[in-house]
Amino acid sequence: MRVEVDAPKCVAAGQCVLIAPDVFDQSEEDGVVVLLDETPTDALHDVVRESAMSCPAAAIRLVVP
């Protein structure tokens, strides 16, 4: 799995950070999503999927081979 974020779409809700803090963070300036791990391990795939589904702005995209 590869994770992509569309930072301009982000509304800084922070749901992704609460669900998957090893993969996502928020900018201190404006709260916009910061991607920490573009290719998370298999153990994190479930929380990354949950983060993508929970994003109110649909700013997280998952690319699955």
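Things worth noting here:
- Fully extended contour minus Cα-Cα distance, from V64 to V11, at 0.36 nm per residue: 16.6 nm
- Stretchable slack from D37 to R2, in nm (0.36 nm times residue separation minus alpha-carbon distance): 11.7 nm
- Nonlocal amide H pairs with V34, under 5 Å, H built at 1.01 Å: D25, Q26, S27
- Under a 5 Å amide H cut-off, with hydrogens placed 1.01 Å from N, A57 pairs with V11 among residues at least 5 apart or on other chains.
- Against the empirical 2.2 N^0.38 Å (N residues), the chain has a Cα radius of gyration ratio of 0.97.
- Using θ = phi - 60° and Karplus 6.51 cos²θ - 1.76 cosθ + 1.60, couplings along segment 2-11 (whole Hz; Gly, Pro as x): 10, 10, 10, 10, 10, 3, x, 7, 4, 9
- The value of relative contact order for the chain, using C-alpha pairs under 8 Å at least six residues apart, is 47 percent.
- Computed from Cα atoms, the angle from the helix 45-54 axis to the main principal axis of the chain rounds to 40 degrees.
Coordinate-derived values only; no laboratory data. Being a predicted model, the structure only gives us computed values, none of them experimental.
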